[in-house]
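In what follows, a structure is listed as structure tokens, so that the remarks can point back to it.
No lab work stands behind these numbers, since they all come straight from the coordinates. None of the values given here were measured: they were computed from a predicted structure. Cβ atoms come from the backbone with ideal geometry, glycine included; neighbour counts cover every protein chain shown.
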Amino acid sequence: MSVPSNIAEGKGRQSDKEFIQFLHHARGSLYEIETQLVIARERNYFSIETASELLQECEAVGRALNGLINALQGKARDK
């Protein structure tokens, strides 16, 4: 819930700079989720296959976040 909440909160801010800051918070939350998935797998809460699928989804979200951050930073540099 933290990742999309940070994205939404950042979008509601006044500037791209503030939005980027919240995107960084969202990325940090994503890293927390990845860590929790690894720990949950180590405790056998779910299978290796399920953990792998979820971590792949995290990677995809991370790439999207990084792309958005880079695009907004490039836009800020062009101003």
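Say R0 is 30 Å: what FRET efficiency, to the nearest 0.05, do Q56 and E9 get from their beta-carbon distance? Write down the numbers at each step before the final one.
Working: r = 26 Å, r/R0 = 0.88.
Approximately 0.70, to the nearest 0.05.
Under the rule that an exposed site lies in a DSSP loop and has at most 15 other Cβ atoms within 10 Å, name the longest stretch of the chain with no chymotrypsin sites (Phe, Trp or Tyr not before Pro) of that kind, not counting the sites themselves. Kindly include the intermediate steps, with their values, before the conclusion.
Details: sites that count: Y45, F46.
Longest gap between qualifying sites, sites excluded: 1-44.
Around A40, under 15 Å between beta carbons, what's the net of Lys plus Arg minus Asp minus Glu among the other residues?
Working: positive: R41, R43; negative: E32, E34, E42, E49, E53, E57.
So the surrounding residues net to -4.
Tell me the relative contact order for the chain as a rounded percent, counting alpha carbon contacts under 8 Å between residues six or more apart. List each step's numbers first, then the result.
On the way: 52 pairs, mean separation 23.9, N = 79.
That works out to 30 percent.
Please give the calculated 222 nm ellipticity per residue for the chain, where each DSSP H segment of at least 4 residues contributes -39500 (n - 2.57) and the sum is spread over every residue; nearest 500 deg cm²/dmol? Let's see the in-between values first.
Details: 3 runs with 68 residues, N = 79.
After summing the helix terms and dividing by residue count, I get -30000 deg cm²/dmol.
If you compute Rg/Rh (Cα atoms, Kirkwood Rh) for the structure shown, which of (i) 1.10; (ii) 1.23; (iii) 0.93 do you land on?
Correct label is (i).
Which trypsin sites (Lys or Arg not before Pro) from region 32-70 combine a DSSP loop assignment with at most 13 other Cβ atoms within 10 Å?
Details: sites: R41, R43, R63; in loops: R43.
Passing sites in region 32-70 are R43.
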